[in-house]
1. Magnitude of the Cβ-charge dipole of the chain, K/R +1 and D/E -1, about the Cα centre, nearest 20 debye?
2. Quick check on the stretch 33-361: of the DSSP beta bridges with both residues there, what percent are antiparallel, nearest 5%?
3. Under a GNM of the chain (C-alpha, springs under 10 Å), which listed residue has the highest mean-square fluctuation: 133, 77, 187?
4. Determine the gain in length on full extension of the stretch residue 171-residue 24; use 0.36 nm per residue of separation and subtract their C-alpha separation, reporting nm with one decimal.
5. From the phi of every residue in the stretch 309-319, what ³J(HN,Hα) in whole Hz does the Karplus formula 6.51 cos²θ - 1.76 cosθ + 1.60 yield, where θ is phi - 60° and glycine or proline is x?
6. Please list, ordered by chain and number, the residues whose modelled amide H lies under 5 Å from the amide H of residue 28; skip anything fewer than 5 residues away on the same chain.
7. Once Lys and Arg get +1 and Asp and Glu get -1 on their Cβ, which of 192, 255, 40 lies farthest toward the positive end of the dipole of the chain?
8. Could you derive backbone 3J(HN,Hα) for the stretch 93-109 from the dihedral phi with the Karplus parameters 6.51, -1.76 and 1.60 (θ = phi - 60°), listing whole Hz in sequence and x where the residue is Gly or Pro?
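Bear in mind these aren't lab numbers, they're just calculated from the coordinates by the rules spelled out. Just so you know, these numbers come straight off a predicted model, no measurement behind them. Using ideal geometry, Cβ is built from the backbone for each residue, glycine included, and neighbour counts are taken over all protein chains shown.
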Amino acid sequence: MAQKILQAGLSSGMSAVSGFHSSKPESLPEDYDGLQHVIADSVVPQLDTRYTLRGKDGKDVQVPVICWGAWPWGDSSTFHWSDDELPALRAAWKKCLEKGMTFVDTAQVYGSGRSEEILGDLINNHSPGVDRSSIIVQTKWLPNITDSGTNIIHPVEAPVKELRNTLKRMNLTYIDCYLVHGPIHISSIKQAAKGLAQCVEEGLTKTVGVANYSVEDMLKMKDALAEYGIPLATNQCEYSILRRLPETEGMLEACKKNGIVFQSYSSIGQGRLSGKYSKENPPPKEYRFSSYDMEHVEPLLEVQRRLAKKYNVSVAAVALNWNICKGAIPVVGIRKESQVVDNMQALGWRLTREEIEELDKHGFKGNTTMLWQQG
């Protein structure tokens, strides 16, 4: 059902994550200084670089600087998934295991639970000799619209119940990070926090976080969780050179100040910054992701292509390195081994401040939506 609702919106012209866009994207003010958010020049992201998702009583989770997005897995409506793709995905997973890049983000709504099933199968049946503790599993709670009784009558129990269902689908005993998928839950932030805390206390998840939250609500959740001695580990929002609101509205700074890891989904602009598409070869219209005309993206792609040639990396790697240099962990989708290889080329080097500034000049401000995407 959730897939069909989303696809109807995409077909009508809505972006998958950012609502309806105007025909021409808004640029940032000329005097805006994006370099204020850049991490120390001495930090070069590597395969073994790790960030810390904070857990209760120091039970933290160490995560790589790239997270694999599993939204396409099993999602036939939006991403036209077919199980014929499983062999290619397993080959991609093997490459991830070889390199120790095993941080995966999924959600209960992706493929109506199928994405979680596929990830569970990869962990249980296609990870020979790899200890479960070295694989970081992150999923997201979205109130089940077919089970409104639990969400309305027992709002605290809702995330707990859904996480138990997740663990059954994945055939796992715990996950590493559990996020509230968006700020649309019927429960209050305090009630959602209590439910998340119960998940931690029962050992169902090690850490907890949010997604698509505004700075204000993120800090409210942080304070609510603190009553149970639990840190807010992360906030995941759309962030790329094409959507820089998390910079301009203070999200990056608030996360840094409060020890919250910022994750950036759609970090290559839903494919627009991958090098696959161009003004002459735009993304398929049925996807409607980030519905900016490629004509407006082309000046940015020209810079990316030049930098990709300089560093002998993929075009996508330039966009991902930019995210990492701004202090974000990019979440990028994979379906085949070549995507894993291209994306991991973001590591082992870094853009100069002058190159980041040049990319920034071609970036866009981005939008929020009334209900879903507030951060």
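1. The calculated dipole for the chain is roughly 480 debye.
2. Once the DSSP bridges in the stretch 33-361 are tallied, antiparallel ones form about 10 percent.
3. Among 133, 77, 187, the largest GNM mean-square fluctuation belongs to 133.
4. 48.3 nm
5. 5, 4, 9, 6, 10, 6, 4, 4, 4, 5, 5
6. The answer is 365.
7. In the chain, that residue is 192.
8. Those phi angles translate into 5, 4, 5, 4, 5, 4, 9, x, 9, 10, 9, 10, 10, 9, 7, 5, 8 Hz.
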